[in-house]
Each structure stands twice: as structure tokens, then as C-alpha cells.
1. For segment A:7-73, list the helices (runs of 4 or more DSSP H) that sit wholly inside it and hold at least 2 residues that are touching a Phe, Trp or Tyr at 6+ places or on another chain (Cβ under 9 Å), modelled with pLDDT under 90 and open to solvent by 10 Å² or more (accessible area, probe 1.4 Å); which are they?
2. Out of segment A:295-329, which residues are more than 13 Å from every other protein chain (Cβ to nearest Cβ) and either of a type in the set (Lys, Arg) or at positive phi (or both)?
3. How many of the residues making up segment B:275-293 are on the phi > 0 side of the Ramachandran plot and within 14 Å of chain A (Cβ to nearest Cβ)?
4. When only residues in segment A:228-269 that are within 14 Å of chain B (Cβ to nearest Cβ) and at pLDDT 80 or above count, which is nearest to A:ALA26 (Cα to Cα)?
5. For segment B:105-175, please list each of the helices (runs of 4 or more DSSP H) lying entirely inside it that holds at least 1 residues being crowded, with 23+ Cβ neighbours inside 10 Å.
6. B:THR216 - would you say it is touching a Ser or Thr at 6+ places or on another chain (Cβ under 7 Å) and within 12 Å of chain A (Cβ to nearest Cβ)?
7. Could you say whether any residue in segment A:122-131 is open to solvent by 40 Å² or more (accessible area, probe 1.4 Å), within 14 Å of chain B (Cβ to nearest Cβ) and either out of contact with any Ser or Thr (no Cβ under 7 Å at 6 or more places or on another chain) or assigned to a loop (DSSP other than H, G, I, E, B) (or both)?
8. How many residues does segment A:313-335 contain that are in a helix (DSSP H, G or I) and of a type in the set (Lys, Arg)?
Amino acid sequence: MLSRRTSRAAGRTLRSRRSGPDAIHALAKQLGEPLLEVNDIQGNILAGFSKDHQSLIALAIRDVGAARRWLARIEGHISSTAEVLQFNQLFRMQRARIGADPPGLVATWANVAFSHHGLERLTSCAHANAVPDAPFRAGLPARAGLLGDRAASPSADPTSEWVVGRTGQVPDVLLIVAGDDPTKLVDLCGRLRPNAGDGQGAPEVIWEELGETRIDLPGHEHFGFKDGVSQPAVRGVVSSGPDVFLSPRVLAAPAPGEVEFAKPGQPLIWPGQFVFGYPSTDGSGASGGGPVAPPRDLPQWIRNGSLLVFRRLRQDVAGFTNFIQAAARDPSLSAIAGMSPELLGALCVGRWKSGHRFHEHGTPISPPSPVTRSRTTISCSPSTPWRRSYFPECIRRRLRSLLRWPTCTGSCVLTPHTSAR
Amino acid sequence: MKIARLDPPGHIDDLATPALQAAYSKWLSDRFDVGVNSVTQFLTAHGGGTSQFYNPVMHGRTDPDLAPSLGDISWNGFPKRFLSTGPGAPTHFANAEPAPAAGRTRPQDEYLEWFVHRNAAGKIARLDFTCEGYDYFEFLAGHDEAKLLALYRTFVDASAKKTDLFSNGTYNIKNKWNTKHGAMHLTHPANNLFAEVFLAASATVRRKKPGGGEETSSIPLIRCAEYGAENRNSDPNIGRAVNGLAREKRMITLANPVGLYMAAFDGAGITLDGAAADGFFRVTRGTFPLALRGVFELPPALAAAGKTVSDVKIGGTSVEFGGQLAQRITMHLVGVASVAQPVDNAPAVCGGVPQVGSPGAIVGTPLTPRTAE
């Protein structure tokens, strides 16, 4: 789904840029990284909402005029990267001072995304087809087979079991509303949902779901592993102040050809990987990792937009746990020194449950405690002997013969990244 | 581990007599020797050391090797340099498969090449994929012309003649049946068996980091050792994996039968009129994971009904180019490494390993290392 701020917001940004100091432009040029138009980029793309409560609201456009009126009404509620980034920085500053999440510092954010069909109805087929991404144009149902969703028979629709977005029922609009305080979240959702005031034919809510992080194990995903430890760090300049970079740099620049990290576990990626209109990381290898300029023929209205994959998954936590316990006892794996369900789980996920890397300097390391932020990282080097020997080739091959990935049941996951590839 | 002989790629049954099989083994063994000698001379010139790359026929090792799965090195078959440079930028499928012309090599440099058969309406009727080195066919041309011609007639066109394949008595790897009208084997200068052997040999040389320490990452390694092109999926990946085994102080060679292979075809999401079409890919020489040749075409009944490969969709996108299906092919080769870790060479300075000697008397196209475009 395409996700971008609306034209009025873009106008605000351009005006603010024109009237703003030239210093930040000069600084961005000096640092060799693009100046990000953070007032024009939705907040969940580069900054991340990082909220414990999130509501997803899928809508179908019934009447185009009514849909436009509704969008005009909610436009002012769409959160920008600038807002979310500043809140996140304030939150981190206070947490560092207090030593815990700052009480009372809460925010509620909203973003919006459009499917190809939704964009086509609101604009034109030509506009929708101008989005330079074949998976976006094809839509997720057409990609179901690529995603591993198998139909009951070769001629059956692999999306027939989807709860939302199956063939012919792809939402036109997806609202993402997230907050620290569930009461405030519900309140904002109520204000953003189409209502009688939007007139006849206002968009219809066709599906809605409220998601929450684990209150029993904050910061961990459903399988019990520390979450958010290997996010890419996006390059780009956002201010001329102390936090000049979108992703603060903790580590020194590496030798030529090495992957550069902002901090452990966070490789630096050019912003065009996530937002249209900026330099991207060269995927062809021609320039040794980029940056490469964005396509020249990119429509101006797409600038600062992004792509979001909305895919609802069910996860079988008990099935995974049972599997790694059984597989670790299998003779083909139990012969590996140190094999245990904990190690096998770490190998499958890429880190210990604590978030620590599972090997260092070629030697497997035990799950450490307590967690220290500086070591909360995956080592991505596949060249260290232990990893090279046992992961991914060895483990993957042995798992393949053992594996009967359990049928998933359980919660939902939203994947707010850029591309369906 | 010492072996008695080197077999033809994929254990294919092209070589009918023991004498021919022995000749092939000697032919390939000579290439291993060039690799070993080149590495040995390079090490001697840079502080000394023992070649960790060895010829499995000539070397006397009898100790055990690691499991084959630990030396399995895979990569995607579509050339990396034609991939999209980033979001919003297209994959350059058309550039990856320019219109075939007699004598023109294909720009597909991941040890996988393909030929697109189109009907009169320009629709794709069939796709042929091959990963057989041109030097193997030069060997066949030098030892069994009848077999060479039979392969062309079986897999490319029944009307192929010997005179089409040879120029002035020399096998022409860029003959019209392997360029303009089809693909019998690889044509890109870097796509040959000797290049595979020499890359593996060169990558066993451990390398110093300019600022201290040892190179371990794929791109810095290939820039330092100059054993291939960094804008490929294959070369940096092969080099990194082999060098990793070398840093573990193991003795290293290539698994018999030596070759570049299609390991698997991923048919997920390939449909025709909404029905699964993943079965349209067939291996026609060798078998997975040592497949040498494959074809993607519709079953006769569907073809008779007027359907073509152009009607097939991958994730909702119509097939317009062979490269879209080449992207679904996983290539691989298998290295062999000793359990023992007897050689602890000091890392050497940057610079390519110069080739020492010539691998036997092959006439025709000169063998080219992987660095060539």
C-alpha cells in the first residue's frame, strides 16, 4: 500500500524549507547525506511509532466524493516523521534520566496508506500505475503464491483463508493508529473513523483489529525474543542541531567495502530504500553499495511516499517451542557441540532470546545476562568459522529434512516496511 | 580426500569409453595443477606458505573431509549487475538478454545462461537454461566430435551440422546454434570450468587487511584478491566461503564432479490462468542438485490451445523475459574441506594470483579468468 502525506502537508513543508535557514542544506551537503523532508514523510516510515497499542482499520471506498471529504477531514491528524522523531528523542532523553519509561509522556499517532485500487479510485488508473513497483500494482493476493500461501488445490485461490485482503476484497485505505494510552487511542480512532458527518457513501470500515505488545515481557515478540535489535539505520540529515542525523552514529566508519553501522546491529541504509525520491543503496553491486540517485522519471507527487506491506500472520508459539525441543534431540543436530533447544531457537531467529548475538569471534557464546545494550546485536558476519560451519548451510539443510513448520495460529503482525519484494 | 579420477559435470554419460573418461580426468586435473602451482608461486613470492588448494587426483591426502553440505556455496542465477539499483528503479531484464545474433556472447555472467524462443507473434514459446562451461564442450570437440554434434541435435536443433560448429577445424563456441538459434552451453568469457577452478584456488589465499588484521568480508576480499567481479552474485560469495575454510586452516578443493550447477528451481507463485505452473520447468540434462540444463515450457495440450510462456505470471506479473525465470534458479557448486586443519598460512598482501602455466593444449577461445567482463 502506498503511504505518503497529502498535498497540503507537502506545501507546508516546501514553504518551511524555503523560509528555513540555509545552514542545514549546507550541512547535509557537507556530510554527503540527503536532507530528509521530515515534515512531509509519514511518521511510521523512518521514525517508527514504537507504541504498545495499535489499531488497524481497513476501509473500502464507496463514493469517491465522500472519500475525499473524509480524507480532508482527517488529514490534520496524520503524523509526520518530524513529530514522531522529536517525541521519540524526548522519550529516550527522559528515560535515560529517569531509568524507566517516563510516566505521563504519551502520544497518539495516525498514518494512512492506499492500495492500488484505492489510489486508482481517488485519482486515476494512470496515477496508480505510475507507482514504480510491480508488486504494488499487482496487489498482495496476486503475490500469495510467492509468499508461500498454498491453496487447497492447484486451481484454488490461495487467499481464500485470509481474514482481510483476500482476492477481490483488498482494502482501499488502511488507517494505522498507535498510542501509549489505550483510552486515547480508542478516542482518536473514534474521531478518524468515517461517520455520519462525512455524508452518504463515506468509506466503510470492512475490518478492524487492535494489537498490543506483550505486557508480560515488554520489548519482546511473541516467541519470546528481544525485538527491534536489528533494524536498519536510515541515512539522512534532519536538523542542524546535535542530532543532525536521523540515525545517530555511535560507531566509527569502517574500512572501504565493509558494511557501515550506525550502532551495533544497525547497518546504515540510504533513505531511498524506504522513501521515494532519495538516493538508495545500490542493489546491482555496480557501485559497491551505492548510493544511487532515485529514478529520474519518478512522478513528483510520489516523492516522500513509501510502500507498506500489510500482511496478517498467525504465529504458533507453542508449535515453534515444541519443534525446537524435538529437533534439538534429533541425532543429526544433537551431535553438534552445545546443541540445545535454546541454541536451536537462537539459530532459527538469529539471536538469543535476550537479543544477544550467539557467537563471537567464531565461538558460540552462552545466553548472557543481564542484557547490556551495547551487546544487543546480531553478528551479521557469515565468515566466522562457527557460523559458517553451522549456519545457515548446515542447520538449514538439516532443518529442512526435519522441518514441518507448524500451522500458525495466534496473533497479528503488521510489517510497515517499504517493499513487497 | 584423494580420488581416482575427475568425472564429467553432473556425472553425465557423455564420455562413453574408459579412455575418454581418463582423458577428461587428465584434462581437468591439469587445470587443478595450474591453480595449485599459481597459488604456490604466489605464496612463495609473498613470504612463503603451503597451498591450501589441492588437486584431489594428484594429492596424497587420505584423511576425512567435512560433510559436503558444509562446502555448498549457492547464489542466484540472474546477473546481479542487471538488478534494480533500488526502489522505483527497474530490473534491466531486456539488457540481460539482448537479441541473439550469430557470434554474440550472452551477457549473463552468473554461470547460468538462457535462450528465449519466441513464436511469430513475439510470444515466448520456450526457455532453455544451461550452466555448462564452454571449455567442457571444447574438450568434447577435441575428443568426440560425434558426441558433440549429437548433443546439439538433441538439445538445440536436429538440423545442426558439424560444419556449423567448427571454423577452420576449430570448435567455435560462438557458433550459430549456440548464439543466434539456441544455447547449448555457456558463452560468456568468464563462464568456464577453469575459471571456477582458478577462482577457488585464488580464494584459498588468506589476505591482510590494509589497516591490520585479516580480510573476512566478501567485497573487501574480492577487491583485495582480484579473483572475480564484485558486481556478481557468484564470485564474492564463492570467494568468501572458500576463504573462510582457508582461514580455518583446512585443505580445500572442489567436489567431484566439478561443475557449476542448477541446484533448485523455485516455482512458488508461478501461475497460468490462476493455476499453479511451477511444474513447467524440467531438467533435461543432469538432475537437481547437479542439473546442467533445463527448459521452461508449457505442456503440449496447453501449447496446442494457444497458450504460451508469455501467459504465465509470477506473482501477478506476466513473463516477458527469460530473466524473470532465471531469478528463480539457485546455482551452486560444492567445495571440499578437510576435517584436519594443518596449514596456517600468514595472510598475504593484496593483489591477484598470477596464472602460472597453461592448462593443457586447448585450441579455440582462450580461457578467461573471472575478472573479465
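1. Numbers: elements: A:7-19, A:23-31, A:43-46.
Those helices (runs of 4 or more DSSP H) span A:7-19.
2. Selection gives A:ARG311, A:ARG312, A:ARG314, A:ARG329.
3. In the first step, residues of segment B:275-293 are kept if they are on the phi > 0 side of the Ramachandran plot; the result is B:286.
Next, only the ones that are within 14 Å of chain A (Cβ to nearest Cβ) stay: none.
Selection size over segment B:275-293: 0.
4. Of everything passing the filter in segment A:228-269, A:ARG235 is nearest to A:ALA26 (Cα to Cα).
5. Correct list: B:134-143, B:145-155.
6. In short, yes.
7. yes
8. Looking only at that region, the number is 1.
The values are calculated or read from the model by the stated rules, or taken from the named source; none is laboratory data. Remember, predicted model here, so these are calculated numbers, not experimental data. Here Cβ is always computed from backbone atoms with ideal geometry, including for glycine, and neighbour counts include all displayed protein chains. All accessible areas refer to the heavy atoms of the entire protein, side chains included, with ligands and DNA or RNA removed. Shrake-Rupley method; radii C 1.70, N 1.55, O 1.52, S 1.80 Å.
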